[in-house]
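The values are calculated or read from the model by the stated rules, or taken from the named source; none is laboratory data. In this text, all values refer to a predicted model and were calculated from it rather than measured experimentally. With ideal geometry, Cβ positions are generated from the backbone for all residues, glycine too; neighbour counts draw on all protein chains shown.
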């Protein structure tokens, strides 16, 4: 019988000594080890699932939901304790474990740096939940992220987010929209504090002038969100969350200028009205008044602009911390682009070409929680948008008013069901001087009433599994009933390091060509409708996987991978190719698809070096009936197959100097050439915009920064504007059917057209700025 087995349960003398020796060794080992226990908070709130590690050792753990961590069985000695989490400033603290300090109890606090794992999000489910717990994948970007590449408006600031591309739609007036995963701007809903503010007429012009000093964070959801937010949220949504007056600085300022003579100022001021009303005021001013033509085509490279935006948000203290907020914004902008010798006296004439756009816009948003036991909140918004424009000789005067209100009831049923029920009503008034509001020669403004009901149930199946079921019913006063369901599933591993989300949903959109597509207004092409446009419908599937790696030295690596697929019926795609003199609009006699893969990688090292990089590969196309019943696949215009972004940041702690290197890379995209004789390439080249910035912070709240934008000095081909020397087609010959005839002075049969655009015309430039924040 083996000696290590005790016969009949009798403990022999030999086994007794073996057991005694084992206990002695164990006692010696544990007598030379201790524990480190601590609590980590951020602005008074626990830091969930952060990393607590001893540098250059294998000892480490994560904080729990209360921000508490404990590292056990640490050998006596001196160590560097590193507390880190992606999105937070890293803490390094010297600790000693000895006989005299067998147990270390610590309380640590870190400052928010950028988007975090434990950040509260509201966009995915219309209620506050932590990012980790949300069944809907939500990306969070705070002002620190945008400050790495400071720009004067929200439109440009989104260029370093993976899967999002600000698309310029015109080489002359530089208006644009936001593409998400290859889908055009009208499929992207832009909200402020959860209210659908930027839509319709303002889709093209309403993204400018949101004061960055007031932005708390930006939440991005990719994929349809029509179940909660209704029409226009087909491709995704971007929710701009403004700061709460209670957490904002007393005074904030950010002033920046460039070597191109651009000037931008963001100002913020917190003040009180009595004891219960806190207020936050913001101002954004942008000015550029130097006609610049570095590519030599006779047209301004970028538009001249004079813009001011005023914003004020009130927060009223109420019993039991019930919500009552009210905010307002006013934007005035005067911009023009065109031939450099243009002056306002030529506005609307056929002597010198320019596109002159004057915009006045007001907005009101608010939320009020009813004074009752149940959590019922009334949210509301209203906006008016007036536009007075000339695109060459083509006038476009338009006005749009939108009123929106909704009630939501947030109710937890027992432990497993988290219910959200809501009812919404949206009214849209739109009038302009185009055929869009013409009925047999009489003016007929569009008036659309859109009531809706929605319900959402977040079901906790087990600790690791959640299911989200949602449905929405809307009744469009023109198009009738619209039903949009969705389903989301989330699995989380026990250690919280793995998260898998799957979703499927339906979306819809009612198109308004003249408010959404700038090309319809340029005057360079005639707009033609072949039928009455029907609402677009889509189905989307999305699979998202998040993996977190905590490095032994206190570093962190995060992976976020997504596969997406969207299928469209009744897709409305402008046809530039059938007739170079027209833009033809109709519902697609076939289907359209947007599919692809994206990957985000976040790396935060213990030495302070941080990487954020991402790439998206996609295939966006439509299958259209060629007239014989055969569906022919066509690549979508102005959509790249690959896009990549990156951001590298490091701070030299000895001197307090930070370095940020940001950039993006875009693959070729199909461009709207003007017929088979057009000599311009049908596809754009690979292109990249890269920037570098140096910054220095001081202890008194002052910060200075400066750097270089567009390091590679990339600009598109100088002949991007077809026949820029003849913008009114005075030297173009047309045949009896309206087609261009090749002539000696026009051998390629071209007409003036500014829609061949894929990148900004603005080359390398220097910038410098100063920021100041004063807290109480």
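Can you tell which of 632, 620, 659, 645 is in the same structural domain as residue 181 (by TED's automatic domain parsing) and closer than 15 Å to residue 686 by Cα? Show your work before the answer.
Details: 632 fails: closer than 15 Å to residue 686 by Cα; 620 fails: closer than 15 Å to residue 686 by Cα; 659 fails: closer than 15 Å to residue 686 by Cα.
Being in the same structural domain as residue 181 (by TED's automatic domain parsing) and closer than 15 Å to residue 686 by Cα holds for just one of 632, 620, 659, 645, which is 645.
Let me spell it out: the conditions are (1) at pLDDT 95 or above; (2) over 34 Å from the mean Cα position of the chain (by Cα); (3) surrounded by fewer than 17 Cβ atoms within 10 Å (Cβ to Cβ), and residue 306 meets all of them except one. Which number is the exception?
(2)
Evaluate the stretch 337-360: report whether one residue or more is buried (at least 16 other Cβ atoms within 10 Å of the Cβ), at positive phi and either in a strand (DSSP E or B) or modelled with pLDDT of 95 or more (or both).
So far as the stretch 337-360 goes, yes, one or more of its residues are buried (at least 16 other Cβ atoms within 10 Å of the Cβ), at positive phi and either in a strand (DSSP E or B) or modelled with pLDDT of 95 or more (or both).
Counting only residues that are more than 23 Å from residue 758 (Cα to Cα) and surrounded by 16 or more Cβ atoms within 10 Å (Cβ to Cβ), which one in the stretch 702-727 is modelled with the lowest pLDDT?
Filtering the stretch 702-727 for residues more than 23 Å from residue 758 (Cα to Cα) gives 702-707.
Adding the requirement that they be surrounded by 16 or more Cβ atoms within 10 Å (Cβ to Cβ) leaves 703, 705-707.
Details: 703: 95, 705: 98, 706: 98, 707: 98.
The residue in question is 703.
Quick check, is residue 309 touching a residue at least 12 places away in the same chain (Cβ under 8 Å) and closer than 21 Å to residue 729 by Cα?
For residue 309, the condition - touching a residue at least 12 places away in the same chain (Cβ under 8 Å) and closer than 21 Å to residue 729 by Cα - is not met.
Checking residue 126 against (1) crowded, with 18+ Cβ neighbours inside 10 Å; (2) at pLDDT 75 or above; (3) under 29 Å from the mean Cα position of the chain (by Cα), which test does it fail?
Unmet for residue 126, out of (1) crowded, with 18+ Cβ neighbours inside 10 Å; (2) at pLDDT 75 or above; (3) under 29 Å from the mean Cα position of the chain (by Cα): (2).
Going by the structure shown, is residue 250 at pLDDT 85 or above, closer than 20 Å to residue 364 by Cα and over 16 Å from the mean Cα position of the chain (by Cα)?
no
How many residues does the stretch 606-636 contain that are farther than 28 Å from residue 543 by Cα, crowded, with 18+ Cβ neighbours inside 10 Å and within 26 Å of the chain's Cα centre (by Cα)?
0
Hey, among the residues in the stretch 44-63 that are exposed (fewer than 14 other Cβ atoms within 10 Å of the Cβ) and in a loop (DSSP other than H, G, I, E, B), which one's modelled with the lowest pLDDT?
Looking at residues that are exposed (fewer than 14 other Cβ atoms within 10 Å of the Cβ) and in a loop (DSSP other than H, G, I, E, B), I get 58.
Specify the residue that is surrounded by the fewest Cβ atoms within 10 Å (Cβ to Cβ); the eligible residues are those in the stretch 287-303 that are out of contact with any strand residue (DSSP E or B) (no Cβ under 7 Å at 6 or more places or on another chain) and more than 13 Å from residue 260 (Cα to Cα).
296
Scan the stretch 433-480 for residues that are surrounded by fewer than 16 Cβ atoms within 10 Å (Cβ to Cβ) and part of a helix (DSSP H, G or I) and jot them down.
435
For the list (1) touching a residue at least 40 places away in the same chain (Cβ under 8 Å); (2) within 26 Å of the chain's Cα centre (by Cα); (3) buried (at least 17 other Cβ atoms within 10 Å of the Cβ), I need the number of the one condition that residue 690 fails.
(1)
Working carefully through the options 542, 488, 506, find the one that is within 26 Å of the chain's Cα centre (by Cα), part of a strand (DSSP E or B), surrounded by fewer than 21 Cβ atoms within 10 Å (Cβ to Cβ) and at pLDDT 70 or above.
The conditions single out 506.
Could you pull out the residue among 142, 92 that is surrounded by fewer than 22 Cβ atoms within 10 Å (Cβ to Cβ), modelled with pLDDT under 85 and not assigned by TED's automatic domain parsing to the domain that holds residue 602?
One residue alone meets the criteria, 92.
One line per residue, one yes/no per condition, for (1) at pLDDT below 85; (2) surrounded by 17 or more Cβ atoms within 10 Å (Cβ to Cβ); (3) not assigned by TED's automatic domain parsing to the domain that holds residue 424:
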| residue | (1), (2), (3) |
| --- | --- |
| 224 | yes, yes, no |
| 229 | yes, yes, no |
| 235 | yes, yes, no |
| 244 | yes, no, no |
| 258 | no, yes, no |
| 275 | no, no, no |
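How many residues does the stretch 185-212 hold that are assigned to a loop (DSSP other than H, G, I, E, B) and at pLDDT 80 or above? Walk me through it before giving the result.
Here is the first cut: in the stretch 185-212, the ones assigned to a loop (DSSP other than H, G, I, E, B) are 193-194, 199, 204-211.
Subsequent filtering for residues that are at pLDDT 80 or above retains 193-194.
Matching residues across the stretch 185-212 total 2.
Identify all residues within the stretch 600-654 that are closer than 21 Å to residue 80 by Cβ and in a loop (DSSP other than H, G, I, E, B); write none if there are none.
Within the stretch 600-654, the subset closer than 21 Å to residue 80 by Cβ is 603-610, 650-654.
Those that are closer than 21 Å to residue 80 by Cβ and in a loop (DSSP other than H, G, I, E, B): 605, 606, 607, 608, 609, 653, 654.
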